[in-house]
Amino acid sequence: MRYLITGGAGFIGSHLADELLRRGHEVYVLDDLSTGSIDNIKHLKSNSKFHYTIDTVLNRAVTAELVDTVDVVYHLAAAVGVKLIVESPVRTIETNVQTTEVILSLANKKKRPTFVASTSEVYGISEKVPFREDGELVMGATTKGRWSYACSKAIDEFLAIAYWKERKLPTVVARLFNTVGPRQTGQYGMVVPSFVRQALSGAPITVFGDGKQTRCFTHVNDVVRALIALMDEPKAYGNVYNIGSTAEISIHDLAKQVREVTGSKSEIVFVPYEKAYEEGFEDMPRRVPDTSKIKNLIGWEPSLGLPQVLSEVQEYYRRTA
Ligand code: UDP
């Protein structure tokens, strides 16, 4: 099979490329390197089944040709990272909405099954934990930059589902919960790479807020396995799935674990949200997925825990520093 991965030089996209190639498929990556990196795919360049194009999805002619060439499309290109999103809401909204519009309209011409990546951010500040796919999405005011990301991804979801319902384009949406692993960069604010880098350099580990907020961290290899199985299952078309671990940990405890795993002597410091992001920043106190929907469909469950991720991430940063 031939696959197109938009955002294929990014963290999750490059791991997806690795796995599809390992399974003998042909992979086409389209990435504008805005947040992705050529370093993530350079080891694949010598593989004759691997092809890459450095361009934006918004270059319609280039994207159209790639969509025509492949059997299945994974649309992962997006503006990501809370820090980037708060700092550049225009870029976030435009990138996330316009690229999905282009991909779905082109995929529809040839009816190429298309996966659209969404995010647990869409649940916003909902208190109905664990989050179910059919639950309500509760977002904050439009004056707060963070919610532009959630809303832009919610629009992507609406669009993907509408293409299935109205035009019979096979689409699948997944909401990814705090995916972590090697190649994720701390540059855009993600907590695990940030903490690991701080710990390795002996710098203070910066816990935002009181550190009592919780997240569930999922190994990228588990996520990739789910993405592939979902697109192999026609019953998934037109549906939305949570993909995430259900093991909850507070950010303060995460900081302690990172210190332990890395053997670091870094002190743990608490930074108020308004200093870390912007005045009036809203964080979600808990974020836990209900994963029964994907489990019932394809039997997916995460298999790799946080200790494994942290040791791989520290190894990655020691190697690439
Ligand atoms: N966080 C933190 N220190 C950092 C980066 C993030 O305490 O250096 C916190 C952040 O405020 C949030 C959690 O860690 O509560 C997860 O942040 P991330 O940006 O990785 O993902 P989010 O779940 O917010 O999308």
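The values are calculated or read from the model by the stated rules, or taken from the named source; none is laboratory data. None of these values were measured; they are calculated from a predicted model. As a convention, Cβ positions derive from the backbone with ideal geometry for all residues, glycine included, and neighbour counts pool all protein chains shown. Note: areas computed on protein heavy atoms with side chains; ligands, DNA, RNA excluded. Shrake-Rupley method; radii C 1.70, N 1.55, O 1.52, S 1.80 Å.
Just a few scattered comments:
- For the range 40-66, filtering for residues that are without any contact (Cβ under 8 Å) to a residue 24 or more places away in the chain and within 17 Å of LEU21 (Cα to Cα) leaves 5.
- Checked against the criterion of being without any contact (Cβ under 8 Å) to a residue 40 or more places away in the chain, within 14 Å of the ligand (Cβ to nearest atom) and open to solvent by less than 30 Å² (accessible area, probe 1.4 Å), the candidates SER245, SER250 yield just one match: SER250.
- Against the criterion of being in a helix (DSSP H, G or I), among the hydrophobic types (A, V, I, L, M, F, W, C), touching a residue at least 60 places away in the same chain (Cβ under 8 Å) and more than 16 Å from the ligand (Cβ to nearest atom), ILE103 qualifies.
- Output for the range 283-313, where each listed residue is within 16 Å of the ligand (Cβ to nearest atom), open to solvent by less than 50 Å² (accessible area, probe 1.4 Å) and either of a type outside the set (Lys, Arg) or more than 27 Å from ALA255 (Cβ to Cβ) (or both): ASP283, MET284, VAL288, PRO289, LEU306, VAL309, LEU310, VAL313
- Filter result for VAL73 (free of Cβ contacts under 8 Å to residues at least 60 places away in the same chain and either within 24 Å of THR171 (Cβ to Cβ) or open to solvent by less than 60 Å² (accessible area, probe 1.4 Å) (or both)): no
- The set of residues in the range 1-40 that are assigned to a loop (DSSP other than H, G, I, E, B) and either more than 21 Å from the chain's Cα centre (by Cα) or surrounded by fewer than 24 Cβ atoms within 10 Å (Cβ to Cβ) (or both) comprises MET1, ARG23, GLY24, HIS25, ASP32, LEU33, SER34, THR35, SER37.
- The residues of the range 109-125 that are more than 20 Å from the chain's Cα centre (by Cα) and either small (Gly, Ala, Ser) or crowded, with 18+ Cβ neighbours inside 10 Å (or both) amount to a single one, ARG112.
- Residue match in the range 193-209 (condition: away from the ligand (no atom under 16 Å from the Cβ), open to solvent by 50 Å² or more (accessible area, probe 1.4 Å) and either in a loop (DSSP other than H, G, I, E, B) or within 26 Å of GLU87 (Cα to Cα) (or both)): no
- Across the range 210-222, the number of residues qualifying as open to solvent by less than 10 Å² (accessible area, probe 1.4 Å) and more than 10 Å from the ligand (Cβ to nearest atom) comes to 4.
- The set of residues in the range 169-191 that are more than 7 Å from the ligand (Cβ to nearest atom), open to solvent by less than 30 Å² (accessible area, probe 1.4 Å) and either assigned to a loop (DSSP other than H, G, I, E, B) or over 23 Å from THR100 (Cβ atoms) (or both) comprises LEU169, PRO170, PHE177, VAL180, GLY181, PRO182, GLN184, GLY186.
- ASP134 vs. criteria in a helix (DSSP H, G or I) and either open to solvent by 60 Å² or more (accessible area, probe 1.4 Å) or of a type outside the set (S, T, N, Q) (or both): no
- Any hit, the range 157-167, residues being buried (at least 18 other Cβ atoms within 10 Å of the Cβ), in a loop (DSSP other than H, G, I, E, B) and out of contact with any Leu (no Cβ under 8 Å at 6 or more places or on another chain): no
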